[in-house]
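These notes are about the structure you will find just below.
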Amino acid sequence: MVEMPPLPRLYDALLEDHLRRHHQMALLTGPRQVGKTTTCRRHATAYLSWDDPDHRRVIVRGPGAVAAHLRLEISTKKKPVVVFDELHKHRKWRDFLKGFFDVHGDAAHILVTGSSRLDVFRRAGDSLTGRYFLYRMHPLSVGELLHPAVPGDLLRPPAPLPEREFAALLEHGGFPTPFVKRDRRTTLVWRRQRRELLLRSDARDFTDIADIARLEVLGDILAGRSATQLVFSHLSTDLGVSIDTARRWVDALSSLHFGFLVRPWSHSVARSLRKEPKWYLRDWSGIDDPGARAETFVAAHLLKSVEGWTDLGLGTFELRYLRDKEKREVDFAVIRDRKPWLLVEVKKSDTALSPHLRHFQERTGAPHALQVVLDAPFSPADPFERKGPVVVPARTLLSQLL
């Protein structure tokens, strides 16, 4: 059997750029099985995993023991790249990294990966301030398949992705294993195993939730509610727990990358709703409803872009949605430096322009308002050249993003 060549990733180029330009550590976070270890190992001179018992014994002895093990005292023409994989499982990982970087940062580049929580490194506090850059890794996307390189600006010119690639991405999802295999049975098994690992093993290891069985029930509920607003009082009734507990459990599943929340934007929107977030699965491939799958597919692409643009220093971006008390709604609002910049309404096939786009564009002053249609064929016209609301194929817009 012929082995397939490695799939080029945007994050390969991102780490190359980081190693060339920065002295600080690179911390790479993201969902389980998104490709963090594979990407980091491509750049590694030395690799230490907390999950390897031999490596763990070296790490717990402290930074000096690791430096001796790696023979960092030997001068080399090119600085070695040391990868610490799954280091967040070490109870004293913050102190270890601070000590290793402060003493040995001039002798080696340092890459660190972690799966459990998107914000685990951001909670490190002052002990690591100024010592690292955080990069959040996402599944494959239309833009990454077309351009696995660090962008020079926010947006690229529209470009067509081959239809077989777009169809495979929509059907099998953006996680590398099912996307590369493109086999329905493999995708189903992979999806089931990932779900079990998240809701059982990871939930037990990285949260303080004792009732794992009921957390799995919540996972079952949320698996069928992607692209919907979450009403925590309803969830608490379904689960037989308090509203605060339901909210805390949803946050825990978000931190484990089972899904993510998009919260409403209320500034400059009269009579806006300020409470209920919308919920989206990280893996859109298992969503049966075509409309919910289309919206989740676009949501994942937008989240990848806003987090990637922020991590690259191109601005401060957020992903929100708009809804007022008259039930007018726009699926997504990309907030750029605290101001609405892009409004996005998602449709599977409807090309009749939603009046809510114009309403909210006038209220928020967002420069761009797009109705994104999943089934529409690619068009080379750049929708960002238009100021008023415009219908755009998903194949066009998503090719311009990360």
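Here is how the numbers come out for the structure above:
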| read-out | value |
| --- | --- |
| Answer residue from the range 130-144, given it is of a type in the set (A, V, I, L, M) and in contact with an Asp or Glu (Cβ under 9 Å, 6 or more places away or on another chain) and is nearest to Leu401 (Cα to Cα) among those | Val142 |
| Some residue of the range 313-320 being assigned to a helix (DSSP H, G or I), within 15 Å of the chain's Cα centre (by Cα) and within 30 Å of Asp12 (Cβ to Cβ) | no |
| Residue count, the range 391-402 (criterion: assigned to a strand (DSSP E or B) and either within 23 Å of the chain's Cα centre (by Cα) or surrounded by fewer than 17 Cβ atoms within 10 Å (Cβ to Cβ) (or both)) | 1 |
| Residue match in the range 77-87 (condition: at pLDDT 95 or above, assigned to a helix (DSSP H, G or I) and among the aliphatic types (A, V, I, L, M)) | no |
| Matching option when the condition is aliphatic (A, V, I, L, M) and touching a helix residue (DSSP H, G or I) at 6+ places or on another chain (Cβ under 7 Å), among Leu302, Leu357, Leu322 | Leu322 |
| Number of the condition not met by Thr364 [criteria: (1) buried (at least 18 other Cβ atoms within 10 Å of the Cβ); (2) in contact with an Asp or Glu (Cβ under 9 Å, 6 or more places away or on another chain); (3) over 30 Å from Pro8 (Cα atoms); (4) of a type in the set (S, T, N, Q)] | (2) |
| Leu370 within 19 Å of Arg293 (Cα to Cα), in contact (Cβ under 8 Å) with a residue 40 or more places away in the chain and not polar (S, T, N, Q) | no |
| Close pairs (9 angstrom Cβ cut-off, 6 or more residues apart or separate chains): farther than 22 Å from Lys36 by Cα in the range 56-85, surrounded by fewer than 16 Cβ atoms within 10 Å (Cβ to Cβ) and acidic (Asp, Glu) anywhere | Pro63/Asp102; Ala67/Glu73 |
| Filter result (buried (at least 18 other Cβ atoms within 10 Å of the Cβ) and assigned to a loop (DSSP other than H, G, I, E, B)) within the range 62-76 | Leu72 |
| Residue among Arg194, Arg185, Arg214 that alone is part of a helix (DSSP H, G or I), under 24 Å from Gly114 (Cα atoms) and either more than 23 Å from the chain's Cα centre (by Cα) or not small (Gly, Ala, Ser) (or both) | Arg194 |
| Answer from Ser236, Ser266 - the residue that is hydroxyl-bearing (Ser, Thr, Tyr) and farther than 23 Å from Ile335 by Cβ | Ser236 |
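Residues checked against (1) touching a residue at least 60 places away in the same chain (Cβ under 8 Å); (2) under 20 Å from Ser226 (Cα atoms); (3) surrounded by fewer than 22 Cβ atoms within 10 Å (Cβ to Cβ); (4) out of contact with any strand residue (DSSP E or B) (no Cβ under 7 Å at 6 or more places or on another chain):
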| residue | (1), (2), (3), (4) |
| --- | --- |
| Arg247 | no, yes, yes, yes |
| Trp265 | yes, yes, no, no |
| Leu281 | no, yes, no, no |
| Gly291 | yes, yes, yes, yes |
| Glu318 | no, yes, yes, no |
| Ala333 | yes, yes, no, no |
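Conditions tested, residue by residue: (1) within 25 Å of Gly313 (Cβ to Cβ); (2) loosely packed, with under 15 Cβ neighbours inside 10 Å; (3) within 18 Å of the chain's Cα centre (by Cα).
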site	(1), (2), (3)
Arg9	yes, no, yes
Ala13	yes, no, yes
Glu16	yes, yes, no
His23	yes, yes, no
Lys36	yes, no, yes
Val60	no, yes, no
Lys78	no, yes, no
Leu87	yes, no, no
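This table checks each residue for (1) within 26 Å of Gln24 (Cβ to Cβ); (2) of a type outside the set (Lys, Arg); (3) touching a residue at least 12 places away in the same chain (Cβ under 8 Å).
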{"position": "Thr129", "(1), (2), (3)": "yes, yes, no"}
{"position": "Tyr135", "(1), (2), (3)": "yes, yes, yes"}
{"position": "Pro148", "(1), (2), (3)": "yes, yes, yes"}
{"position": "Glu165", "(1), (2), (3)": "no, yes, yes"}
{"position": "Arg192", "(1), (2), (3)": "no, no, no"}
{"position": "Thr207", "(1), (2), (3)": "no, yes, yes"}
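The values are calculated or read from the model by the stated rules, or taken from the named source; none is laboratory data. Just so it is clear, the model here is predicted, and its values are computed rather than measured. No Cβ is skipped: glycine too gets one built from the backbone with ideal geometry, and neighbour counts run over all protein chains shown.
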